[in-house]
Amino acid sequence: MNKIKVKAPCSSANLGSGFDVFGLALEAFYDTLTAEITDINEGITVEYKGLEAEEIPTALERNTAGLVAKTLVASRRVGVRILVEKGIPLKMGLGSSGATAAACAVALNELLGLGLSRNEVVKAAALGEVAAAGASHADNVAASVCGGFTVVQSWGDELFVARLDPPRTLEVALALPLVETPENKTAKARAVLPRSVDFADAVANARNAASVVAGFHLGDVEMIGQGMTDLIVEPARKQLIPGFDLVKKAAFEAGAAGVAISGAGPAVIAVVDSAKKSTTVVASAMKEAFGSKGIRCQACCTRPSLAGVIKV
């Protein structure tokens, strides 16, 4: 085999209280990546087409797939040509760069016969996030690689991923506001984070994060939603999303179990127990709330992606 094609789902990181730890893979959008072995003299090349492709740098050091490929191909005497078909919106908080990195790591692991474990694939993919976020973050890439709900843990240089299936009735409403975002959006979203936090808030966030994990384990959408309450990151980041408080209020009034900023934003994610409430109604309420502030918004309903990166 000298060629492989895979697709990776978008993801929502943090889910409120699980900053830099939780990820949820979603069916809403996908990136497709084709990797092909070439002559060593051709080196590593990365090309893009599709959604907002012209905005993505292709220099290896500035590209998530490029950094992953540099790392994994380094000891192999081959060249690699990578083509990415973007389907995930950029700078929206849906793990666009992470999905590309995840797809590249999974594809090259199989194409080159590297024999990496799932944890090692996630770690390699996380290195690609340096190009987009300035640091190695595994929350989005873990969800895109593994599918479902993921929890990232690290001990020293080792990285571990725990995965749980979402409850059968869990659905997701997404609101994607069309607001201007800086090129270094993730870095800016990190720059506004508090340097210290109140002890009571830290305890509350730990309790809430535990509730999210317990909710996924027990299949309890309401418990997941209640656990998404974030007293540390959201108060700082919501200032970057015009109308966020109004949108969150509208989502809850429409029946959402939990609401949070998706990753670094500006997308807003609401989880819904579809056995009790309408995900479409929640999505419409979020869109209308943004609209009442004069902000155009794309809203959609989706489900968790259970498979993660798959061959196509």
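Would you call residue 176 in contact (Cβ under 8 Å) with a residue 40 or more places away in the chain and within 16 Å of the chain's Cα centre (by Cα)?
yes
Looking at (1) more than 16 Å from the chain's Cα centre (by Cα); (2) touching a residue at least 40 places away in the same chain (Cβ under 8 Å), which one does residue 65 not meet, given that it meets all the others?
(1)
Criterion first (out of contact with any Leu (no Cβ under 7 Å at 6 or more places or on another chain), surrounded by 24 or more Cβ atoms within 10 Å (Cβ to Cβ) and without any contact (Cβ under 8 Å) to a residue 60 or more places away in the chain) does residue 121 satisfy it? So that I can check it myself, show each step before the final result.
Working: out of contact with any Leu (no Cβ under 7 Å at 6 or more places or on another chain): yes; surrounded by 24 or more Cβ atoms within 10 Å (Cβ to Cβ): yes; without any contact (Cβ under 8 Å) to a residue 60 or more places away in the chain: yes.
For residue 121, the condition - out of contact with any Leu (no Cβ under 7 Å at 6 or more places or on another chain), surrounded by 24 or more Cβ atoms within 10 Å (Cβ to Cβ) and without any contact (Cβ under 8 Å) to a residue 60 or more places away in the chain - is met.
Is it the case that residue 198 is farther than 22 Å from residue 90 by Cα and touching a helix residue (DSSP H, G or I) at 6+ places or on another chain (Cβ under 6 Å)? Walk me through how you get there before you give the answer.
On the way: farther than 22 Å from residue 90 by Cα: yes; touching a helix residue (DSSP H, G or I) at 6+ places or on another chain (Cβ under 6 Å): no.
Criteria not met by residue 198.
In the stretch 254-312, which residues are among the hydroxyl-bearing types (Ser, Thr, Tyr) and surrounded by fewer than 23 Cβ atoms within 10 Å (Cβ to Cβ)?
First pass over the stretch 254-312, keeping only residues among the hydroxyl-bearing types (Ser, Thr, Tyr): 262, 274, 278-280, 284, 292, 302, 305.
Once the filter is applied, which keeps residues that are among the hydroxyl-bearing types (Ser, Thr, Tyr) and surrounded by fewer than 23 Cβ atoms within 10 Å (Cβ to Cβ), the stretch 254-312 yields 274, 278, 280, 284, 292, 302.
Name every residue in the stretch 42-82 that is surrounded by fewer than 18 Cβ atoms within 10 Å (Cβ to Cβ), closer than 24 Å to residue 181 by Cβ and β-branched (Val, Ile, Thr), in order of residue number.
Selection gives 58 alone.
Quick one: would you say residue 227 is surrounded by 15 or more Cβ atoms within 10 Å (Cβ to Cβ) and closer than 18 Å to residue 279 by Cβ?
No.
Scan the stretch 41-63 and tell me whether some residue there is in a loop (DSSP other than H, G, I, E, B), under 27 Å from residue 262 (Cα atoms), touching a Leu at 6+ places or on another chain (Cβ under 6 Å) and not small (Gly, Ala, Ser).
yes
Consider residue 137 against the criteria (1) outside the structural domain of residue 257 (by TED's automatic domain parsing); (2) modelled with pLDDT under 95; (3) more than 17 Å from residue 15 (Cβ to Cβ); (4) of a type outside the set (A, V, I, L, M, F, W, C): it satisfies all of them except one. Which criterion is unmet?
So residue 137 meets the others, but not (3).
Determine the pairs where a residue that is not assigned by TED's automatic domain parsing to the domain that holds residue 211, located within the stretch 251-266, has a partner that is surrounded by fewer than 24 Cβ atoms within 10 Å (Cβ to Cβ) and assigned to a loop (DSSP other than H, G, I, E, B) with Cβ atoms under 9 Å apart, the partner being 6 or more residues away or on another chain.
Every condition considered, no pair remains.
Within the stretch 83-96, track down each residue that is buried (at least 22 other Cβ atoms within 10 Å of the Cβ) and within 18 Å of residue 34 (Cβ to Cβ).
Hits for the stretch 83-96 are 84, 86, 88, 96.
Taking the conditions exactly as written (free of Cβ contacts under 8 Å to residues at least 60 places away in the same chain, buried (at least 23 other Cβ atoms within 10 Å of the Cβ) and closer than 22 Å to residue 304 by Cα), does residue 103 satisfy them or not?
Answer is no for this residue.
Filter the helices (runs of 4 or more DSSP H) completely within the stretch 214-303 down to those with at least 3 residues that are farther than 19 Å from residue 167 by Cα. Quick ask: steps written out before the conclusion?
Values: elements: 221-227, 234-237, 244-254, 279-292.
Ranges flagged: 234-237, 244-254, 279-292.
What is the residue count in the stretch 262-291 for residues that are out of contact with any strand residue (DSSP E or B) (no Cβ under 6 Å at 6 or more places or on another chain) and within 20 Å of residue 181 (Cα to Cα)?
Qualifying residue count for the region: 4.
When you scan the stretch 1-37, how many residues do you find that are closer than 13 Å to residue 139 by Cα, among the aliphatic types (A, V, I, L, M) and buried (at least 22 other Cβ atoms within 10 Å of the Cβ)?
Within the stretch 1-37, residues that are closer than 13 Å to residue 139 by Cα, among the aliphatic types (A, V, I, L, M) and buried (at least 22 other Cβ atoms within 10 Å of the Cβ) number 4.
The values are calculated or read from the model by the stated rules, or taken from the named source; none is laboratory data. Please read all numbers here as calculations on a predicted model, not as lab measurements. When we count neighbours, we look across all protein chains shown, and the Cβ atoms used for this are built from the backbone with ideal geometry, even at glycine.
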